[in-house]
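Accompanying notes for the structure given below.
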Amino acid sequence: MITIKSEREIELMRESGSLTAMVLDLLEQEIRPGMTTMQLDRMAEEFIRDHQAVPSFLNYAPEGDPDVTPYPATLCVSINEEVVHGVPSAKRIVREGDIVSVDCGVYKGGYHGDAARTFVLGAIDEKVQLLVDVTRESLELGIAQAIEGNRLHDISAAVETHARSFGFSVIENMVGHGIGSELHEDPAVPNYGKRNTGVRLRTGMALAIEPMIAMGRSRRAVSKRGGWVAVTEDGKPSAHFEHTVIVRAGKAEVLTRSLLEKKLS
Ligand code: MF3
Ligand code: CO
């Protein structure tokens with residue numbers, strides 16, 4: 001069931017969304033080669049708790065998979081061929097030339113915010129930089145379709161068309177999602193699909209749109225039995241961006257916009 005959020009609920013979601021954006025802004029300014037992914041996680045958790053909020057991912061347990069243990073951290077930090085759900089570790093160091101997807105969820109006032117950005121560390125390969133830029137753009141093109149009267153897969157098709165036009169591949173077995181009082185609500189929001197299909201979008205739907213785009217030919221992200229991290233099948237790099245948005249007439253409202261970005265535009 002897809003819930004329509006009232007303006008009062010959306011007001012609460014603005015708070016969790018803006019805290020989510022602030023966590024990513026903080027990490028964007030602090031991340032340096034040589035840091036461990038655990039250091040990033042500590043910083044994020046401290047910031048969230050200092051703002052009377054709770055990390056959405058910590059202890060999250062997906063239904064129906066007894067193999068997977070509850071998620072043990074605040075962030076997902078996924079490096080290079082890791083697509084999503086990289087678990088922070090005191091042993092994992094981020095290095096110059098890496099691309100690092102940082103995904104964060106914040107729960108406050110009964111509602112979740114969810115957002116991700118892929119950070120580029122120092123000098124990186126040109127083609128990998130293009131992958132990151134195209135993935136960011138594909139999210140923006142998807143968001144532009146999240147308007148009243150459109151259909152769900154208009155978002156998916158916009159993401160897919162842009163990514164494919166550069167020869168990149170779309171990860172198909174991981175999807176975006178509805179969001180609200182639960183981190184994952186209906187509908188699933190795939191990053192591929194046919195325009196003018198899927199449910200009709202209505203004002204007040206809350207969606208986490210999150211393209212995962214890979215450089216090789218892998219269309220799946222695979223994880224080992226019992227493990228969280230999901231990697232490309234061919235070991236090629238993958239990028240990931242995510243925003244929490246509210247469907248509205250004419251233009252979607254993005255709840256997780258960076259304050260750093262706002263200063264620039
Ligand atoms: N943004 C991701 C998602 O929406 C992160 C979830 S991590 C988990 O699926 F631990 F909560 F699963
Ligand atoms: Co998400």
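Residues to consider are Leu152, Leu201; find the one that is hydrophobic (A, V, I, L, M, F, W, C), within 27 Å of Tyr107 (Cα to Cα) and in contact with a Pro (Cβ under 7 Å, 6 or more places away or on another chain).
Details: Leu201 fails: in contact with a Pro (Cβ under 7 Å, 6 or more places away or on another chain).
When all the criteria are applied, what remains is Leu152.
Within region 226-240, track down each residue that is open to solvent by less than 10 Å² (accessible area, probe 1.4 Å) and either more than 16 Å from ligand 2 (Cβ to nearest atom) or without any contact (Cβ under 8 Å) to a residue 12 or more places away in the chain (or both).
Within region 226-240, the first condition is being open to solvent by less than 10 Å² (accessible area, probe 1.4 Å), and the residues that meet it are 230, 232, 238-240.
Across region 226-240, the qualifying residue is only Thr232.
Of all residues in region 198-213, which are open to solvent by 70 Å² or more (accessible area, probe 1.4 Å) and either part of a loop (DSSP other than H, G, I, E, B) or aromatic (Phe, Trp, Tyr) (or both)? Break it down into steps so the answer makes sense when it comes.
Of region 198-213, the ones open to solvent by 70 Å² or more (accessible area, probe 1.4 Å) are 200, 202.
Once the filter is applied, which keeps residues that are open to solvent by 70 Å² or more (accessible area, probe 1.4 Å) and either part of a loop (DSSP other than H, G, I, E, B) or aromatic (Phe, Trp, Tyr) (or both), region 198-213 yields only Arg202.
Which members of region 92-132 meet the condition of being assigned to a loop (DSSP other than H, G, I, E, B) and either touching a helix residue (DSSP H, G or I) at 6+ places or on another chain (Cβ under 8 Å) or of a type outside the set (D, E, K, R) (or both)?
Arg92, Val94, Gly97, Gly109, Gly110, Leu121, Gly122, Ala123, Ile124
Name the residues in region 170-197 that are open to solvent by less than 30 Å² (accessible area, probe 1.4 Å) and either assigned to a strand (DSSP E or B) or within 15 Å of ligand 2 (Cβ to nearest atom) (or both), would you?
Val170, Ile171, Gly176, His177, Gly178, Ile179, Gly180, Leu183, Pro187, Val189, Pro190, Asn191
Quick check: anything in region 46-68 acidic (Asp, Glu), within 16 Å of ligand 1 (Cβ to nearest atom), touching a residue at least 60 places away in the same chain (Cβ under 8 Å) and not in a helix (DSSP H, G or I)? So that I can check it myself, show each step before the final result.
Taking region 46-68 and keeping what is acidic (Asp, Glu), we get 46, 50, 63, 65, 67.
Pick out the ones that are also within 16 Å of ligand 1 (Cβ to nearest atom) and you get 63, 65, 67.
Subsequent filtering for residues that are touching a residue at least 60 places away in the same chain (Cβ under 8 Å) retains 67.
Narrowing further to those that are not in a helix (DSSP H, G or I): 67.
Within region 46-68 (the criterion being acidic (Asp, Glu), within 16 Å of ligand 1 (Cβ to nearest atom), touching a residue at least 60 places away in the same chain (Cβ under 8 Å) and not in a helix (DSSP H, G or I)), the answer is yes, since at least one residue qualifies.
In region 1-18, how many residues are open to solvent by 10 Å² or more (accessible area, probe 1.4 Å) and part of a helix (DSSP H, G or I)?
So in region 1-18, the residues open to solvent by 10 Å² or more (accessible area, probe 1.4 Å) come out as 1-9, 11-12, 14-15, 18.
The next check asks that each one be part of a helix (DSSP H, G or I); those that pass are 7-9, 11-12, 14-15, 18.
Of the residues in region 1-18, 8 are open to solvent by 10 Å² or more (accessible area, probe 1.4 Å) and part of a helix (DSSP H, G or I).
Among the residues in region 8-25, are any charged (D, E, K, R) and free of Cβ contacts under 8 Å to residues at least 60 places away in the same chain?
Looking only at region 8-25, we keep the residues that are charged (D, E, K, R), and these are 8-9, 11, 14-15, 25.
Going one step further and asking which of them are free of Cβ contacts under 8 Å to residues at least 60 places away in the same chain, we end up with 8, 11.
There is at least one residue in region 8-25 that is charged (D, E, K, R) and free of Cβ contacts under 8 Å to residues at least 60 places away in the same chain.
Answer yes or no: is there a residue in region 214-225 that is more than 20 Å from Gly180 (Cβ to Cβ), in a strand (DSSP E or B) and open to solvent by less than 10 Å² (accessible area, probe 1.4 Å).
First pass over region 214-225, keeping only residues more than 20 Å from Gly180 (Cβ to Cβ): 214-225.
Okay, now just the ones that are also in a strand (DSSP E or B), so 214, 221-222.
Filter once more, so that each one left must be open to solvent by less than 10 Å² (accessible area, probe 1.4 Å): 214, 221.
Within region 214-225, one or more residues are more than 20 Å from Gly180 (Cβ to Cβ), in a strand (DSSP E or B) and open to solvent by less than 10 Å² (accessible area, probe 1.4 Å).
Given the conditions (1) assigned to a loop (DSSP other than H, G, I, E, B); (2) open to solvent by less than 30 Å² (accessible area, probe 1.4 Å); (3) within 16 Å of ligand 2 (Cβ to nearest atom), which single one is not true for Ser156?
All conditions are met except number (1).
Let's see how each residue does on (1) closer than 24 Å to Glu46 by Cα; (2) touching a Gly at 6+ places or on another chain (Cβ under 8 Å); (3) of a type in the set (Ser, Thr, Tyr):
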position: Asp98; (1), (2), (3): no, no, no
position: Gly113; (1), (2), (3): yes, yes, no
position: Val120; (1), (2), (3): yes, no, no
position: Asp125; (1), (2), (3): no, yes, no
position: Val128; (1), (2), (3): no, no, no
position: Ala157; (1), (2), (3): no, yes, no
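Would you mind telling me which numbered condition in (1) open to solvent by 10 Å² or more (accessible area, probe 1.4 Å); (2) under 19 Å from Val128 (Cα atoms); (3) in contact (Cβ under 8 Å) with a residue 40 or more places away in the chain; (4) outside any loop (DSSP other than H, G, I, E, B) His243 fails?
(2)
If you check Asn150 against the conditions, is it surrounded by fewer than 23 Cβ atoms within 10 Å (Cβ to Cβ) and within 25 Å of Gly86 (Cβ to Cβ)?
On the way: surrounded by fewer than 23 Cβ atoms within 10 Å (Cβ to Cβ): yes; within 25 Å of Gly86 (Cβ to Cβ): no.
Spelling it out, it is not the case that Asn150 is surrounded by fewer than 23 Cβ atoms within 10 Å (Cβ to Cβ) and within 25 Å of Gly86 (Cβ to Cβ).
Report, by residue number, each residue of region 88-106 that is under 15 Å from the mean Cα position of the chain (by Cα) and either within 16 Å of ligand 1 (Cβ to nearest atom) or of a type in the set (Gly, Ala, Ser) (or both).
Let us first name the residues in region 88-106 that are under 15 Å from the mean Cα position of the chain (by Cα), namely 99-106.
Passing the criteria: Val100, Ser101, Val102, Asp103, Cys104, Gly105, Val106.
Taking region 99-147 on its own, how many of its residues are in contact with a Pro (Cβ under 8 Å, 6 or more places away or on another chain) and open to solvent by less than 10 Å² (accessible area, probe 1.4 Å)? Break it down stepwise before answering.
Taking region 99-147 as the starting set, the residues that turn out to be in contact with a Pro (Cβ under 8 Å, 6 or more places away or on another chain) are 99, 104-107, 121-122, 128, 131, 135, 138-139, 142.
Filter once more, so that each one left must be open to solvent by less than 10 Å² (accessible area, probe 1.4 Å): 99, 104-106, 121, 131, 135, 138-139, 142.
So the count comes out to 10.
The values are calculated or read from the model by the stated rules, or taken from the named source; none is laboratory data. The structure displayed is predicted, hence computed values, not measured ones. Backbone-built Cβ (ideal geometry, glycine too); neighbour counts: all protein chains shown. Ligands, DNA and RNA are excluded from the accessible area calculation, which covers all protein heavy atoms including side chains. Shrake-Rupley method; radii C 1.70, N 1.55, O 1.52, S 1.80 Å.
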